[in-house]
Amino acid sequence: MEKKLSSANDSERSKIGRDLHDGLGQHLAGIIFKCEILKLQLEEKGLAEKNNMQEIITLVSESINKTRDLARGLCPVNIHEGGIVGAIKTLCKETKEKYNLNCILKTSKDIVMTSSSEASNVYYIIREAVNNACKHGEAKNIIITIDEDEKYLTLSIVDDGSGFDITNHKGSGTGLSIMQYRSWIIGGALTVQPASGGGTIITCRFSKSGESLIEHSQVVSG
């Protein structure tokens, strides 16, 4: 029942996100277009009010950016526009810019997920692992790998940071409980272990058929 409720919640979030992007976002873009025309008319007449119009255009542009950020927060993975791979590439780009580190996605082919709930949970697991590596592990390099075969999809996030104290993994700072919950929702097996050269390896493997692999989850102490 909890998994069904979570799936319904993700679907509703995705719907609101799409409505914000396709509805409000497009409406605001139309306002800017009309403002640009009015600004040109004011310039032709040599009226000083053109400067006020430019301020309005700037404010509406900022509103569009905020609307898109809200939409992406509610619906980070659009299965029709780049899918999970596109969403993770955007995450890598933003992480590089924000934290000045290397964040690389490695995948052998395009990963297709027809379930928006499944795709969203995979994305949030990756995002939480990346955020933890940046904020708490102080990593300089993060490698995200996604592989799939006929039965399973496997994702791994490896960083070269300081890692975290496995014995205190229930602390809110690591975000491990969030990743475990997301993994549980999709029936996946989440493994957290120290990397040999320092840092952390987080792996999540789940079945495409819906078979539960939860019993294989583990947190390994270094």
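Quick note: the coordinates plus some simple rules give every number you see, no bench work behind them. Everything quoted here is computed from the prediction, not taken from an experiment. Note that we place each Cβ from the backbone using ideal geometry, even for glycine, and neighbour counts take in every protein chain shown.
Counting Lys +1, Arg +1, Asp -1, Glu -1, what net charge surrounds residue 160 among other residues with beta carbon under 14 Å of its beta carbon? Display every interim value, and only then the final one.
On the way: positive: 140; negative: 138, 159.
Taking every Cβ under 14 Å from that of residue 160, the sum is -1.
Got a sec to turn the phi values of the range 141-152 into Karplus ³J(HN,Hα) couplings, 6.51 cos²θ - 1.76 cosθ + 1.60 with θ = phi - 60°, whole Hz, x for Gly and Pro?
Here the 3J(HN,Hα) series is 9, 10, 10, 9, 10, 10, 10, 8, 10, 5, 10, 10 Hz.
Please tell me which of these pairs span more than 26 angstrom C-alpha to C-alpha: 39/96; 34/66; 106/151; 39/66? Display every interim value, and only then the final one.
Working: 39/96 37 Å; 34/66 20 Å; 106/151 20 Å; 39/66 23 Å.
Cα-Cα > 26 Å for 39/96; rest within.
Show me the ranking of peptides 191-199, 119-127 by mean Cβ neighbours inside 10 Å, starting with the highest. Working shown, then result.
Numbers: 191-199: 15.2, 119-127: 23.8.
In decreasing order of mean packing, 191-199, 119-127 become 119-127, 191-199.
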